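Notes follow the structure.
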């Protein structure tokens, strides 16, 4: 393992603990399979139609996952530091990706390839349980976001997100945030100005 991997590994290990417990033996086993990838701003990491090779954690930066249809982008995920990102269907089924993954900021990712993941699942003690817990956590998060979009009004959805992620207004272009929250751009702009007036 190279030096930069050693520098980032404690960060990755700490964030993996959010999904499942990782002991010292498992950590030492996993380290050689991880690799660091660095990307400039506005770099397409995965294009539609390509097969996803990596499951990645964002160590630094901001990455967007979206679908493009009829010249319109729909943002599905905004991954910041500590979050996992991949094209799940493509990664797990080994088929062309229906989504595009692109950096919004210069980004550093720590990744594991599909083939290496299979070897880890086969050889590392407790890996199958870890894999199940990881998938469960990812799909639960996705379902929770869907339920919020269905249950909350546009205003409630906006307020809930901004209160929990205030830094994203500075980091993410407004059109991406509006798309992610399923809010029309003009409505998002009106709500944003309203919040600014209230806090002034």
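The values are calculated or read from the model by the stated rules, or taken from the named source; none is laboratory data. It should be emphasised that the depicted structure is a prediction, and the values quoted were computed from it without experimental measurement. Here the Cβ is made from the backbone with ideal geometry for all residues, glycine too, and neighbour counts use every protein chain on show.
Pairing each residue of region 119-147 that is under 30 Å from residue 183 (Cβ atoms) with any residue that is in a helix (DSSP H, G or I), provided the two are 6+ apart or on different chains, yields no C-beta distance under 6 Å. All but one of (1) surrounded by 14 or more Cβ atoms within 10 Å (Cβ to Cβ); (2) at pLDDT below 85 hold for residue 63; state the number of the condition that does not hold. Looking at each condition in turn, residue 63 falls short on (2).
Within region 8-22, residues that are under 10 Å from residue 57 (Cβ atoms) sit with their Cβ atoms under 7 Å from residues that are in a loop (DSSP other than H, G, I, E, B), at 6+ positions apart or across chains, in these pairs: 12/34; 15/82; 16/22.
Each row is one residue, and each column tells you yes or no for (1) in contact with a helix residue (DSSP H, G or I) (Cβ under 9 Å, 6 or more places away or on another chain); (2) under 19 Å from residue 79 (Cβ atoms).
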site: 137; (1), (2): no, yes
site: 140; (1), (2): no, yes
site: 149; (1), (2): yes, yes
site: 152; (1), (2): yes, no
site: 171; (1), (2): no, yes
